[in-house]
Amino acid sequence: MLIFSILLWVLFCGMVSLYAWYKGLSFFELFLLSFFFSPLIGLVVAVIMKQNIPIYEKRQIKLGLARRCPHCAEVIKRRESVCPFCDKEVGTPHKGKKAASHRQSVVSR
Ligand SMILES: [Zn+2]
């Protein structure tokens, strides 16, 4: 039963940390906070903390959910065909070889 409780505790800490990571915050810091205090406190802190936009955008690009507009360099959604910032055509997202090689270069960094 104790093992089960610890596993559940760590699972909750992991979920809070993932949420924090998605928001552009530190996975490790939030995990430690959640682990030693409470996942609930960790969650409250993660919700209150301001989103780290540059890191959030970087992670969105890394996850393939967003990309940079080739004209104005703003981060836009991957599926967008017209940039909402500069109203220019950005084309369909790259698929296949180019995307794969880009993913590879991200991984190798
Ligand atoms: Zn643009």
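The values are calculated or read from the model by the stated rules, or taken from the named source; none is laboratory data. For clarity, every value in this text was computed on a predicted model and none was experimentally measured. When we count neighbours, we look across all protein chains shown, and the Cβ atoms used for this are built from the backbone with ideal geometry, even at glycine.
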Exactly one of 40, 8, 33 is outside the structural domain of residue 89 (by TED's automatic domain parsing), surrounded by 13 or more Cβ atoms within 10 Å (Cβ to Cβ) and not in a loop (DSSP other than H, G, I, E, B), and that residue is 33
Restricting attention to segment 59-83, the residues that are more than 13 Å from the ligand (Cβ to nearest atom) and free of Cβ contacts under 8 Å to residues at least 24 places away in the same chain number exactly 6
